[in-house]
Structures are given as structure tokens and as C-alpha cells.
Amino acid sequence: MDNDTLLYRIPDAELENYMCDTDEEDALVSSSPFRYHNISHDDMLNGNGLRVVLWMSGCSHKCPGCQNPETWDCNGGIPFTEWDKAEVYEQLSKDYIKGITFSGGDPLYVGNREAVHQLILEVRKLFPTKDVWLYTGYTLKQSERGFYFSDDCPWYGGEFPDQFTLPWLDQIDVIVDGHFDKDIRAKDLKEGADPHWRGSSNQRVIDIKETLKECKIIELGGV
Ligand code: SF4
């Protein structure tokens, strides 16, 4: 069988019905605040309960053994448009969906931070009963001046430490922090440990509300 018999060709006369309004599409794409790879529905592996998960593009950590290296490129994936936001909101409007998880890639990749902040603010306003989880390769740290994030990857080769504060930290319920470490993961597997919601046991599942209340890093109980 040759290719012509395998492929269905849309007749030229019908082609227009299958094409987008390019002006409208171009406008939506150019106003896209970030790029992403996938929106998972009814996800049970990336946070408590059934969740919608947004897999964002862009990550500077480059952990050896990363499961999603295709998400490292901030220009990879596709633009997040109003249509995609509508899909996320449709999922969040379901009673059985506990909340939203931002993953990637890294939602705290420098080019993603402000867009994630705006989306979280909107989610909080529209869905006040849903919770917000966020996965990052940065490590949450504490100094006498407050909490900040730091790139603690042992292979980090930058001249200056990549550190920043997140003034809107209180908008997040749970942060799973730290780089993925394949050697620690191998040790976890060897010892029969299955770190819940984490790739390797050096990562922490941090209860942000309790952390801010107690002024010290508090991990989520029962993990
Ligand atoms: S932080 Fe996550 S997405 Fe980024 S390289 Fe590490 S494991 Fe992969």
C-alpha cells in the first residue's frame, strides 16, 4: 500500500472549514504569557487528591536523569493561550478536582515567575476552595530576612548564586522543592523507599501556610 492510500486528504473545497482564523489565533499566541507541554486531567501523582497539572516549559537546573528533559527549553512546547486557560478552569470547576499543580520544567524558571503569579492570583479568585501545589528545582531556604529560593544543584556552574525571594509565596499551599538526584533515587529504590510525590528523597513537600505561620520550614505531615 502506498502513502496516498494510507493518508486521508481533506478535499480542497472543505479545507476552509478546518482552518483557524489566523488573525485571531496569531493574537492569542502572541499574547501568550508562557509556553507549556501538557495539561493533565485527573492526575493522582503530583499532589493530594485528583488534580489538574500544568507542565510548563523552561528549566535551568538540568538534573542528570531528569524524566522530562524536553521541558528544559523555554521556547519548547506550545504557547499557553486563553483556550488552554479555559481548559484548566473547566477542570478546576469540577467538584472532585482538589486543585492545580504547576510542574514542568520549572514554574519558577525566571521567565515563568510573573506569569505563574498572575495565573495563581486568578485561580485563587475564581476557585477559592481549590489548593495550589508547585514543583521547583530550586530549594527553599531561610535567612534572618525571610524565605528565599536558591539553586542548590551540585552541578550549578554559574558565577553568581541564583537566588531570589518570592513575595507571593503565601499564594501557594504546597511546594515540592529541590533538584532531582538520580543517585539518591537509586538508593531510595534499593532501600524500598518510595518517596511520596517526589522523584528523590532529598526533595521536600513543604506546607507553605504552616511554614509562614511558624517561621520555619515545615514539611507536610504524613508524606
Ligand atoms: S528541576 Fe525538574 S524538570 Fe528541571 S531538570 Fe530537574 S528534574 Fe528536570
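The values are calculated or read from the model by the stated rules, or taken from the named source; none is laboratory data. What you see is a predicted model, and the numbers here were worked out from it, not measured in a lab. Positions of Cβ are backbone-derived with ideal geometry, glycine not excepted, and every protein chain shown enters the neighbour counts.
Scanning region 53-91 for residues that are more than 10 Å from the ligand (Cβ to nearest atom) and either of a type in the set (D, E, K, R) or free of Cβ contacts under 8 Å to residues at least 12 places away in the same chain (or both) gives Asp73, Glu82, Asp84, Lys85, Ala86, Glu87, Glu90. Evaluate region 96-107: report whether one residue or more is surrounded by fewer than 20 Cβ atoms within 10 Å (Cβ to Cβ), within 14 Å of the chain's Cα centre (by Cα) and under 20 Å from Asp177 (Cβ atoms). No, region 96-107 contains no residue that is surrounded by fewer than 20 Cβ atoms within 10 Å (Cβ to Cβ), within 14 Å of the chain's Cα centre (by Cα) and under 20 Å from Asp177 (Cβ atoms). Filtering region 108-140 to residues that are surrounded by fewer than 24 Cβ atoms within 10 Å (Cβ to Cβ) and either basic (Lys, Arg) or assigned to a loop (DSSP other than H, G, I, E, B) (or both) leaves Tyr109, Val110, Gly111, Arg113, Arg124, Lys125, Phe127, Pro128, Thr129, Lys130. For region 165-198, residues that are in contact with a helix residue (DSSP H, G or I) (Cβ under 8 Å, 6 or more places away or on another chain) and either of a type in the set (Val, Ile, Thr) or at pLDDT 95 or above (or both) total 9. Applying a threshold of 6 Å to beta carbon distances and a minimum spacing of six or more residues, or different chains, the list of pairs starting in region 134-153 at a residue that is within 12 Å of the ligand (Cβ to nearest atom) and ending at one that is at pLDDT 90 or above and polar (S, T, N, Q) reads Tyr135/Ser103; Thr139/Ser150; Asp152/Thr139. Being surrounded by fewer than 18 Cβ atoms within 10 Å (Cβ to Cβ), closer than 17 Å to Cys66 by Cα and within 15 Å of the ligand (Cβ to nearest atom) is a property that does not hold for Asp188. The set of residues from region 158-208 being of a type in the set (Phe, Trp, Tyr) and either without any contact (Cβ under 8 Å) to a residue 12 or more places away in the chain or outside any loop (DSSP other than H, G, I, E, B) (or both) comprises Phe160, Phe164. Tyr89 fulfils the conditions (1) among the hydroxyl-bearing types (Ser, Thr, Tyr); (2) more than 25 Å from Thr139 (Cα to Cα); (3) buried (at least 19 other Cβ atoms within 10 Å of the Cβ) except for a single criterion, (3).
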